[in-house]
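Notes for the one structure printed next.
A short reminder: the numbers here are calculations on the coordinates, not readings from a lab. What you see is a predicted model; the values in this text were computed from it and never measured. In this analysis, Cβ positions are derived from the backbone assuming ideal geometry, glycine residues included, and neighbour counts consider all displayed protein chains.
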């Protein structure tokens, strides 16, 4: 939802992909891209999309609103952050 990659954003309006099942994905590395952006490499293989400093600032600034919207979209789509093959026991 918030990755700038075409893999998530699609190539036009209405082609966005709702990312789900990624609760346990972590950053593997961060690579600088000139002086204007970074490339995030995740341990699930996702490594496309350039995060400009402005975009990262906007994500941080709007995190509570973005997070709430993301969780609402997951719920509406009957999806979860947990992978389908993982069951979490809440005590």
(Q) Only counting other Cβ atoms within 10 Å, I'd like 13, 25, 19, 33 sorted with the fewest neighbours first. (A) 13, 33, 25, 19
Q: Pop a pseudo-label 7 angstrom from the Cα along the beta-carbon direction at both residue 56 and residue 31 and give the gap in nm to one decimal.
A: 1.6
Q: Order by neighbour count: 36, 51, 70, fewest other Cβ atoms within 10 Å first, most last.
A: 36, 70, 51
Q.
Between 0 and 90 degrees, rounded to the nearest ten: what's the tilt of helix 63-76 against the longest Cα principal axis of the chain?
A. 40
Q | Spacing of the two label points (7 Å from each Cα toward its C-beta) at residue 41 and residue 17, in nm | A | 2.0
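Taking only C-alpha pairs under 8 Å that are 6+ residues apart, what is the relative contact order of region 6-76 in percent? Can you show the working numbers first?
Values: 68 pairs, mean separation 14.6, N = 71.
So the answer I get is 21 percent.
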Q: List 80, 90 from most exposed to least, where exposure is judged by having the fewest other Cβ atoms within 10 Å.
A: 90, 80
